[in-house]
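Data block below; observations after.
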Amino acid sequence: QLAVVDVSFISIQKVIEPLSQEFPSLKEWLLLFKPQFEVGPENLGKKGKVKNEQAVQKSLQEFESWMASQGFIKKGGPETSPLPGKKSGNLEYLFFYER
């Protein structure tokens, strides 16, 4: 079973645990990490453009640590998505996890 997760206007962490509880048979997870919804409004400029690369790196590290604490094993990523954010042009990152 594979979950493909691409959410907007909410932290990806807020949907992973409910999904894993609702669908316990999900073993593989392909996730699109969108920094503009993870770094906080203080790190965003006009149109949601991330203006602080250090905040992006910190949020990626925190996400990876959180995933490990939830029992996920990283198998791939972060890989920069070939498609930037549609409106803001933000870089987004793909992860592959198993649980």
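The values are calculated or read from the model by the stated rules, or taken from the named source; none is laboratory data. Not measured: the values here are computed from a predicted model. Here Cβ is always computed from backbone atoms with ideal geometry, including for glycine, and neighbour counts include all displayed protein chains.
Quick check on my filter: what residues within the stretch 58-88 are out of contact with any Leu (no Cβ under 8 Å at 6 or more places or on another chain), surrounded by fewer than 12 Cβ atoms within 10 Å (Cβ to Cβ) and not basic (Lys, Arg)?
Residues satisfying the conditions are 61, 65, 69, 71, 73, 82, 83.
Does the stretch 74-90 hold any residues that are in contact with a helix residue (DSSP H, G or I) (Cβ under 7 Å, 6 or more places away or on another chain) and either in a loop (DSSP other than H, G, I, E, B) or among the hydroxyl-bearing types (Ser, Thr, Tyr) (or both), and which are they?
85, 87, 88, 90
Condition check: free of Cβ contacts under 8 Å to residues at least 40 places away in the same chain, assigned to a helix (DSSP H, G or I), within 12 Å of the chain's Cα centre (by Cα) and closer than 19 Å to residue 86 by Cβ. Does residue 56 satisfy that? Before the answer, list the steps.
Details: free of Cβ contacts under 8 Å to residues at least 40 places away in the same chain: yes; assigned to a helix (DSSP H, G or I): yes; within 12 Å of the chain's Cα centre (by Cα): yes; closer than 19 Å to residue 86 by Cβ: yes.
Criteria met by residue 56.
State the number of residues belonging to the stretch 1-51 that are in a strand (DSSP E or B) and closer than 21 Å to residue 70 by Cβ. Show your work before the answer.
To start, the set of residues in the stretch 1-51 that are in a strand (DSSP E or B) comprises 2-5, 28-33, 44, 50.
If we keep only those that are closer than 21 Å to residue 70 by Cβ as well, we get 2-5, 28-33.
Within the stretch 1-51, residues that are in a strand (DSSP E or B) and closer than 21 Å to residue 70 by Cβ number 10.
Would you confirm whether or not the stretch 7-27 contains a residue that is loosely packed, with under 15 Cβ neighbours inside 10 Å, under 17 Å from residue 89 (Cα atoms) and modelled with pLDDT under 95?
yes
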